[in-house]
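Notes to accompany the following structure.
The values are calculated or read from the model by the stated rules, or taken from the named source; none is laboratory data. The shown structure was predicted, so the numbers you read here are calculated from the model rather than taken from an experiment. As a convention, Cβ positions derive from the backbone with ideal geometry for all residues, glycine included, and neighbour counts pool all protein chains shown. For the accessible areas, the whole protein counts, side chains as well, though only heavy atoms, and no ligand, DNA or RNA atoms are used. Shrake-Rupley method; radii C 1.70, N 1.55, O 1.52, S 1.80 Å.
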Amino acid sequence: MKNISKLILTFVFGTIAFGFQAKAEDFPADIKPLMTKYTCFACHKVDARLVGPAYKDVAKKKYSVDKIVALIAKPQPSNWPGYPPMAPMTVPKDDAVKLAKYINSLK
Ligand code: HEC
C-alpha cells in the first residue's frame, strides 16, 4: 500500500514538474534567449509563481519600464512579502529594457 502511494505521489509531482517545464516555453522567441542568458527563467514564469513572482503579477504593479530596469539591478524584496529576496542581476541596459517592456506587455 505504501509503495502505491509513493508511486502516485511521484506521478503527480512528475506531472506538475513536467507541466512547469512545458510552460517555460511560453516566452516569445525574441525574449526567451534573454531569459535564458540572464537565468531569469530559473526563478520566473509567465503566469505562475516559481521562486519569484509570475511576470503577470509583476505587470499588475504597473511599474514604468525604467522602474523595472532599476529593480532588476537592485531588487526590493519588501515589494514581495513571502518571497525570498531576488539577487541583484547584472543586465546591460538594452536587454533590461527589452525584458521590462516584455513584462509590462503581459496582461
Ligand atoms: C534566483 C532567483 C531569481 C532570478 C535568477 C531572477 N529573479 Fe526576479 N525575483 C526573484 C524573487 C524571489 C523576487 C521577489 C522578491 C524580490 O523582489 O526580491 C523577484 C522579483 C522580480 C521583479 C519584481 C521586482 C519588484 O520589486 O516588484 C522583477 C521585475 C524581476 N524579478 C525580474 C527578473 C529578471 C528580468 C530576471 C533576469 C534578469 C530575474 N528577475 C532573475 C527571483 C529571481
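Couple of notes before you dig in:
- Of the residues making up segment 23-61, those that are open to solvent by 40 Å² or more (accessible area, probe 1.4 Å), within 7 Å of the ligand (Cβ to nearest atom) and not β-branched (Val, Ile, Thr) are ALA42, CYS43, LYS61.
- Residue pairs meeting the criteria (Cβ under 7 Å; at least 6 apart or on separate chains; first farther than 18 Å from LYS45 by Cβ, in segment 79-107; second open to solvent by 80 Å² or more (accessible area, probe 1.4 Å) and assigned to a loop (DSSP other than H, G, I, E, B)): PRO88/LYS74
- Every residue from segment 62-92 that is exposed (fewer than 10 other Cβ atoms within 10 Å of the Cβ) and in a helix (DSSP H, G or I): SER78
- Filtered residue count, segment 73-97, keeping only those that are under 15 Å from the mean Cα position of the chain (by Cα), closer than 16 Å to TYR63 by Cβ and more than 6 Å from the ligand (Cβ to nearest atom): 1
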